[in-house]
Every structure is written in structure tokens, then in C-alpha cells.
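The values are calculated or read from the model by the stated rules, or taken from the named source; none is laboratory data. On a predicted model such as this, the values are computed, not experimentally measured, just so you know. Reconstructed Cβ throughout: ideal geometry from the backbone, glycine too, with neighbour counts over all protein chains shown.
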Amino acid sequence: MIILAFPDYLSQAQRLAARLNVELAEIKVHHFPDSESFVQLPPSLPEHVIVCRSLNQPNDKLIELLLCASTARELGAKRLTLVAPYLSYMRQDFANQPGVAASQRIVGKMLAGLFDDVLTVDPHLHRISSLDQAIPIKNAISLTAADEIARFLKKQIDYAVLLGPDSESEQWVARIARQIGFDYTIAHKERLGDKHVEITLPANDYDNKPVVIVDDMASTGRTLAKAAHLLKAAGAAEIYVAVTHPLFCDDAETHLLEAGIKTIWSTDSIDHPTSCINLDALLAGALKAIV
Ligand code: R5P
């Protein structure tokens, strides 16, 4: 068995390889001036190859994954496992208007054609109940970072109210709250545009209390920033953020800090300055269960 890591996921893959005691090699990637990708794997591979890469900024990465998986097969790999802690294109899960590409199903089918197993963390599945409905293979494995986030939070603060910014976040927030004995509450969110969200904070006593806003991802950061502004107005003492996937597009981080958020904690699903909750133990446990 070997772990092949794309450069943008190298440090996380090194931790995973060390935990599993498996050999690791880095995949070489070069971008030509016209933006085509050059991908190079080791010249020979064992039967089982685990490819590691999170699929944020996905358009180039998906093509490079196609090149990688196809080359690995040509080199004799019999079993290909993808570890993609962040899985993109999961949000558009149906054609909400005629002609709209249901990208979840289309990208899911592409991954199912390339890999025997796909492992991911907190994917954005809202209208389907299991990952294999999006990626039709037996080992389409959806893990949650909730327990790792819970353990981390317990070490940082004695008590806080956890706030989920929308109904979809309740699955993670409730689990974290249960594990560490914090109270939680869930806001109502309406998205009016890419960078425009309206949030209604549920009635609660936030006065002088620390609050942690918990979500699966921060993309533009507008959801978290809006929630933070409302919490400040409601008297919250300190506002923290814990997210699984730190996408932080464009000005997202600045926007969050300007909203008065004291600290942002995220997992290492994507390498980011806020990544302080490592997922290697979670991923290693899941890999051991299937190999
Ligand atoms: C939405 O349902 C997700 O759980 C996140 O709340 C959302 O993707 C965050 O996006 P943004 O940071 O752009 O507000």
C-alpha cells in the first residue's frame, strides 16, 4: 500500500501516513502557462493506492485527480482509495430549474468511475441521507469531524453556548454539545445571494456568555459574520468560530475578524492558518476499517 499526496495536502497526508505506518510519495504537479496541468506519479505502484487531496478550488483539482487515477490504473493499481476530506460540488444536489446541472450527482458519478473507495468529512448532504447516493460505490464513506471539534473545544474553554447558524448545522452542533455538556441553539438563515445572508437569532440569554458559532464550512464568511454581529448586539462576551472546512474565499477572513470574532478554529481538511484540529486519527481509523 502507498499514500500518494498532492502538494496542497502534503502535511496532512504525512501525518496520516505516519499514523498508519504506510509509505508516502508526493505527486508532482506543474501548471503550464496556458493552465493545463502536468501530473507525475512514482513510476511503479503497489496494488493498493490511497490518493489524498481535499477538493476545494475544485476545477483544476478534479482534472488532476482524473489524470492521477487514470495513470495509477495504467501503472497497475488494482484498488484506488480517495481521501478527500473536503468534497466540492456537493451543494447543487438537484436541478432546481430546467437545464441546471445537478453537479453533486455528476461529479459523484465521475469519482465513482475513478475510485473504489471515497472517504470524506462532513460533506454538504442535505437532501440525501447517505454519500453513496451521490457517489454510487460501496465504500462511499462520510465521516464527521464533530467529535474532534468537541474534544478540541473542551480543552480551549470551560463553557460556551454553541450556536448553529442554520438548521443544517444542527446535526454537528447538537453532537458536539452532547459530548461536552455545552448548551446549544440554532438560528434561522436565509441566503439571498452569494454574499448576502439574513439570520434570525433564536431567543436565548447570550449576555456576558462566550459563544462558539459552529458550522461545516466558511466560504465567503458572511454566515458567520452576520451571526457574530447579532451575537455582539445581544451582549455575548466573546465570540469564537469552529468550522470543519476553512474555505475562506477572497476577503472572508478579514470580514470575520472585523465582525468581532475573537478566534477562528478549523480542522486541517484544508491547509489554512486557522487549521488546528487534525483529522489524521479520524481518517486513519476509517481507513483501517476498510483495508
Ligand atoms: C450552508 O448551508 C453551509 O452550512 C454554510 O453555512 C455556508 O456554506 C457558509 O457559506 P458562507 O461562508 O459563504 O456564508
- Item | Qualifying positions in region 250-270 - assigned to a loop (DSSP other than H, G, I, E, B), surrounded by 15 or more Cβ atoms within 10 Å (Cβ to Cβ) and either within 13 Å of the chain's Cα centre (by Cα) or basic (Lys, Arg) (or both) | ASP268, SER269, ILE270
- Task: Give the residue that is surrounded by the fewest Cβ atoms within 10 Å (Cβ to Cβ), with candidates limited to residues of region 190-221 that are farther than 19 Å from TRP265 by Cβ and among the basic types (Lys, Arg).
- Result: ARG191
- Single match in GLY99, GLY76 (criterion: small (Gly, Ala, Ser), surrounded by fewer than 13 Cβ atoms within 10 Å (Cβ to Cβ) and touching a Leu at 6+ places or on another chain (Cβ under 7 Å)): GLY76
- Of the residues in region 243-291, those that are touching a strand residue (DSSP E or B) at 6+ places or on another chain (Cβ under 6 Å) and acidic (Asp, Glu) come to ASP268
- Message: I'd like the full set of residues that are part of a loop (DSSP other than H, G, I, E, B), closer than 22 Å to LEU287 by Cα and acidic (Asp, Glu), limited to region 1-50.
- Response: GLU47
- Query: For region 146-165, what are the residues that are touching a helix residue (DSSP H, G or I) at 6+ places or on another chain (Cβ under 7 Å) and not basic (Lys, Arg)?
  - Reply: ALA146, ASP147, GLU148, ILE149, ALA150, LEU153, LEU162, LEU163, GLY164, PRO165
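Okay, residues lined up against (1) touching a Ser or Thr at 6+ places or on another chain (Cβ under 8 Å); (2) in contact (Cβ under 8 Å) with a residue 40 or more places away in the chain:
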{"position": "ARG15", "(1), (2)": "no, yes"}
{"position": "ILE27", "(1), (2)": "no, yes"}
{"position": "ASP34", "(1), (2)": "no, no"}
{"position": "GLN40", "(1), (2)": "no, no"}
{"position": "ASP60", "(1), (2)": "yes, no"}
{"position": "GLU64", "(1), (2)": "yes, yes"}
{"position": "ALA72", "(1), (2)": "no, yes"}
{"position": "ALA77", "(1), (2)": "no, no"}
{"position": "PRO85", "(1), (2)": "yes, yes"}
- Message: Restricting to region 95-116, and then to whatever is over 22 Å from ASP194 (Cα atoms) and among the aliphatic types (A, V, I, L, M), can you tell me which residue is farthest from the ligand (Cβ to nearest atom)?
- Response: LEU114
- Query: Is one or more of the residues making up region 82-94 modelled with pLDDT of 95 or more, away from the ligand (no atom under 15 Å from the Cβ) and in a strand (DSSP E or B)?
  - Reply: yes
- In region 234-242, is there at least one residue being surrounded by fewer than 19 Cβ atoms within 10 Å (Cβ to Cβ), under 24 Å from ARG191 (Cα atoms) and aliphatic (A, V, I, L, M)? yes
- Query: Do we find a residue being under 23 Å from LYS209 (Cα atoms) and acidic (Asp, Glu) anywhere in region 246-260?
  - Reply: yes
